[in-house]
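The values are calculated or read from the model by the stated rules, or taken from the named source; none is laboratory data. This one's a predicted model, so the numbers in the text were calculated from it and none came from an experiment. Cβ coordinates were reconstructed from backbone atoms using ideal geometry, including for glycine residues, and neighbour counts include every protein chain displayed.
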Amino acid sequence: MKLSKMVGIGLLFSARMAFGLESDSEQPIYIDSDNAVYDEKAQISTYTGNVVATQGTIRIDGDKLVVYLKDGAIIKLIATGKPSRFKQLPAVGKEEMHGEGLTNEFYPEQNLLKFMKNASVWQGDAKQSSDYIEYDTKNSLLKAGEAQSDGKRVHSVIKPKPKQAQ
């Protein structure tokens with residue numbers, strides 16, 4: 001069996017990304033890239049060149065995606081790019097959530113996304129920008145900025161809902 005098929009089958013049966021629609025975690029992960037390397041001993045898959053990864057409503061775009069596995073389950077994904085982008089549909093009837101940063105880390109078991117370096121997260125008209133943003137997808141909790149930010153600020157935009165005509 002070819003290595004790429006082996007990696008693909010392993011990811012299809014073992015992957016459980018917990019963000020997005022609940023049904024997203026039950027969908028297979030599809031990864032397209034110019035190159036792919038799987039280190040079976042280290043349990044690391046590295047995808048480079050115009051990487052596009054999808055799982056249900058989730059989409060990750062980047063220059064490079066490194067997938068860390070433990071006993072066949074994904075424990076961490078690191079996407080890099082200029083920028084690396086992420087989007088998901090959090091629930092039926094909700095607007096898509098978008099995020100980007102030069103480095104993005106995804107921890108499926110903790111329902112945690114980290115956007116770093118020139119990071120922005122937005123949904124509809126609401127937007128957060130900082131050098132560091134964490135998003136807890138299970139509890140819809142967003143934290144921007146760090147305690148040791150060296151004077152860097154968080155930029156937020158919250159637009160009011162339009163008034164309804166009477």
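Collect the residues in segment 112-140 that are closer than 17 Å to residue 76 by Cα and among the charged types (D, E, K, R), keeping them in residue-number order. Hits for segment 112-140 are 114, 134, 136, 138. For residue 9, indicate whether it is part of a helix (DSSP H, G or I) and either surrounded by 14 or more Cβ atoms within 10 Å (Cβ to Cβ) or modelled with pLDDT under 95 (or both). Against the criterion (part of a helix (DSSP H, G or I) and either surrounded by 14 or more Cβ atoms within 10 Å (Cβ to Cβ) or modelled with pLDDT under 95 (or both)), residue 9 qualifies. Against the test of being of a type in the set (Asp, Glu) and modelled with pLDDT under 85, the options 22, 40 yield a single qualifying residue, 22. Going by the structure shown, is residue 52 surrounded by fewer than 22 Cβ atoms within 10 Å (Cβ to Cβ), modelled with pLDDT of 90 or more and out of contact with any Leu (no Cβ under 6 Å at 6 or more places or on another chain)? Yes, satisfied.
Within segment 108-150, track down each residue that is of a type in the set (Val, Ile, Thr), touching a residue at least 40 places away in the same chain (Cβ under 8 Å) and assigned to a strand (DSSP E or B). Across segment 108-150, there are no qualifying residues. Against the conditions (1) under 18 Å from residue 141 (Cα atoms); (2) surrounded by 18 or more Cβ atoms within 10 Å (Cβ to Cβ); (3) touching a Ser or Thr at 6+ places or on another chain (Cβ under 8 Å); (4) not charged (D, E, K, R), residue 79 satisfies every one except (1). The requirement of being surrounded by fewer than 19 Cβ atoms within 10 Å (Cβ to Cβ), among the polar types (S, T, N, Q) and closer than 17 Å to residue 29 by Cβ is satisfied by residue 111.
Can you tell me which residues in segment 58-70 are more than 18 Å from residue 40 (Cβ to Cβ), crowded, with 19+ Cβ neighbours inside 10 Å and over 10 Å from the mean Cα position of the chain (by Cα)? Residue satisfying the conditions is 62 alone. In segment 90-107, what count of residues is obtained for those that are assigned to a loop (DSSP other than H, G, I, E, B) and of a type outside the set (A, V, I, L, M)? Final tally of qualifying residues: 5.
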